[in-house]
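J.: Here it is: the structure, laid out below.
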Amino acid sequence: MESVASPDEPVHPAPAGLAGARVGAGFAAFFGASATAPIATMVTVTPPVLATGAGPLAALSILAVTVLLLLFSTPYAAMIRRHPGAGAAYPQIARGLGRPAALIAAWLALAGYHAIQFGLYAMLGQAAAPLLDNWFAVSAPWWAVAAGCWALVACCGTLRVEFAAGVIALLSVAQAAVLTGLAAANVLRPAGDRIEIGSVLPTDPARVDRPLLGLLLVVAVLAFVGIETAGAYAEESHDPRRTTGRAARVATLLVALLLAGVTWSVVVAAGPREVAGRAAARGPELLFALADERLAPWAVTLSRLTLLTGLLAAILALHHAITRQLYALGRERVLPGVLGQVSHHTGAPRAASLTQSLIVGAALTGAHLAGAEASARTARRLVVGGGLAVLVLLLLTALGALLHLNRAPGRENLWTRFLTPVVSTVFLGLLLHIAGRHLPSLLGVRSGSIWVTVVLGGLAACLVTGLAHALVLRTMHPVRYAGIGLGGVALVVTPQPDPDESAAVTPDSPADPWSWSTSTGSRTAGPASPRPSAPDPVPGPPPDPVPGPPPDPVPGRPPGSAADAPASEATRPAGDPSGTPAKLPRQRTPGAHRPERVRREVNG
């Protein structure tokens, strides 16, 4: 795979890393769609939404958010075409908003995806309880079910990516088939044996509650969190510049059809006037209760099993997304470099995968030892908190695409580089504002609850951690800081001369190649100044000496001294009879340039 450069930047081969040409657009789309866990959304999110009296507005809000996300996917795909990488939005934000914003985005992604994953683990116990009771007449604690799922995910995470893609694709197809079957059964047997117009459209649009509508849009966009993870497989795809961008669009459409279609079928099956009461009474069992009225018992059991496997697929997809985020940060040595190591046999980021498994295992163990009880409410709060972090990440991605695509224009047209990024930025920012105003309602808690403080504190902690991380790297490791978002390629950074220490050359002051003066007179060198510490060198042979006759010796100096040549001759260009001094280019300090201006080179 080749590294991607901006229009004014040459293209160089990327260093060895993840195995390429192993994931197609279909597999990448399944990764993104599975991370959203559509069946878990239908079981845990849709009933509370319908209980508020949303009715058909719940399905319509999903369609409205689908249009927004399709607009967002246009600049997102354009940025992937320019800069494909395992960090997904992380390298894009580095080019659009700068390195500190990229580190903030990286911490938001890690915190958000981990919170969502913990919430899905909390759902496993309740999802498995009816199956264990029906099949084996036993009950297992939540931590035992979570431990079994954790072991499966930890094993699959270190294998070849196409193996995990096949497992996720199989589980995703089964999930889509079961949801389609449940929706078809609801539509074929509607409430009252007929489909009312109130099941499709609101009967009185003038009475629509505007705060409720805004809240529905926020819930809908949170239900799509995870589709952006398709971009994390760009380096492992068949066409790094196009595969994952298409996969993000396909995942968006697939999730939209499932969520909107099944939500509408639930309203049809329960009736537009009775659906709110039934949703409030049955809660997470609403979907299965409607299926029990229309299908055989084995079909209901199959749908419960699909809920369990859908959670497993979502956890596995998020594991791979987090693993590649850790790998991208480790490869650039922003985090410990061991995270950037790749298995020679599987081409998978094994160290990052094991690290992510250890983090989750430690968190689950700590929750069990602390006596925590997994419940639907705990899962909801974790998923909402993580979803808000990812929503901020999407906003930064849209804004970064807007700035970068217009600051370094390429082949993109006006629609791609300006219109869609502007619309995405405005509406994502508006949804984030609405989410902040209705955060207690989203979490299902009262205003002033400790959960509100925890979620807002977590977002603030990501901001502070990202800024502090950037400050430390810029101060102590400027070369690493300069390489943020560049995919771990080697940088050749030259030091900056000190213009304040330049002075005239005297016979007693040896010339210093680090102190140059480019005034209109002859070249003058100042007193010897200490040579700045050079960054990590790039391996390679030393440069050959410049051919030419040696300068005439000066009395009192050894032959070959740098100050032997006359000042007018030292700066005179070859073939230039005049005494005009040559202009030397001003060197950049590490970290003072933008990533798209860095000439990337690869160690031989």
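The values are calculated or read from the model by the stated rules, or taken from the named source; none is laboratory data. Keep in mind that what you see is a predicted model, and the values were worked out from it rather than measured. Cβ atoms come from the backbone with ideal geometry, glycine included; neighbour counts cover every protein chain shown. Areas reflect the complete protein model, heavy atoms only, side chains present, ligands, DNA and RNA absent. Shrake-Rupley method; radii C 1.70, N 1.55, O 1.52, S 1.80 Å.
J.: Working from the alpha-carbon coordinates of the stretch 235-299, get Rg over Rh, Rh being the Kirkwood radius.
T.: Rounded to two decimals, Rg over Rh is 1.24.
J.: If you place +1 on the Cβ of every Lys and Arg and -1 on the Cβ of every Asp and Glu, how big does the dipole about the Cα centre of the stretch 25-482 come out, in debye to the nearest 20?
T.: Dipole of the stretch 25-482, to the nearest 20 debye: 1200 debye.
J.: State the Cα centre-to-centre distance between the stretch 263-277 and the stretch 105-133 in whole Å.
T.: Cα centroid to Cα centroid, the span is 28 Å.
J.: Still on this structure, I have one more. May I ask which residue of Val422, Trp451, Pro272 lies farthest towards the positive end of the charge dipole of the stretch 25-482, with charges of +1 (Lys, Arg) and -1 (Asp, Glu) on Cβ and the Cα centre as origin?
T.: Result: Val422.
J.: Would you please put 284-290, 186-192, 58-64 in order of how densely packed they are, using the mean number of other Cβ atoms within 10 angstrom per residue and starting with the highest?
T.: So the peptides 284-290, 186-192, 58-64, ranked by packing, come out 58-64, 284-290, 186-192.
J.: At 0.36 nm per residue, and after removing the present C-alpha to C-alpha distance, how many nm does the segment from Leu159 to Ala460 gain when stretched out fully?
T.: So the chain would gain 104.8 nm between Leu159 and Ala460.
J.: Skip the ligands, DNA and RNA, and give the accessible area per residue of the stretch 25-482 with a 1.4 Å probe, whole Å².
T.: Accessible surface, normalised per residue, equals 39 Å².
J.: Roll a 1.4 Å probe over the protein heavy atoms and report the accessible area of Asp204 in Å², nearest 10.
T.: Number for this one is 70 Å².
J.: Quick one: if you stick a label point 7 Å off each Cα along the C-beta vector at Arg294 and Leu170, how many nm between them?
T.: It works out to 2.9 nm between the two label points.
J.: Just to confirm a number: summing +1 for Lys and Arg and -1 for Asp and Glu over residues other than Ala86 whose beta-carbon lies under 10 angstrom from that of Ala86, what do you get?
T.: 0
J.: Going by average Cβ neighbours within 10 Å, how do the peptides 384-394, 478-488, 402-412, 228-238 rank, with the highest at the top?
T.: Highest to lowest by the protection proxy: 228-238, 384-394, 478-488, 402-412.
J.: Still on this structure: Which of the peptides 451-463, 211-223, 270-282 is most tightly packed, and how do the rest follow, judged by the mean count of other Cβ atoms within 10 Å per residue?
T.: Descending mean neighbour count gives 211-223, 270-282, 451-463.
J.: Excluding ligands and nucleic acids, what accessible area in Å² is computed for Trp107 using a 1.4 Å probe, to the nearest 10?
T.: Spelled out: Trp107, probe radius 1.4 Å, area about 80 Å².
J.: If you roll a 1.4 angstrom probe over the protein chains with everything in place, what fraction of the accessible area of the stretch 25-482 belongs to carbon and sulfur, to the nearest %?
T.: That share works out to 67 percent.
J.: Moving to a separate point now. For the stretch 25-482, with the dipole built from +1 on Lys and Arg beta-carbon atoms and -1 on Asp and Glu ones, taken about the Cα centre, which of Leu131, Thr465, Ser303 lies farthest toward the positive end?
T.: Value: Thr465.
J.: If you don't mind, another one. For the stretch 75-194, just the Cα set please: Rg and Dmax, both in angstrom.
T.: Every Cα atom of the stretch 75-194 included, Rg and Dmax give 20.5, 59 Å.
J.: Restricting things to alpha carbons, find the Rg to Rh ratio for the stretch 25-482 using the Kirkwood radius for Rh.
T.: Taking Rh as the inverse mean 1/r over Cα pairs, Rg/Rh reads 0.96.
J.: Under the rule of at least 5 residues apart or a separate chain, name every residue whose amide H is placed under 5 Å from the amide H of Ser237.
T.: Answer set, sorted by chain and number: Ala21, Arg22, Val23.
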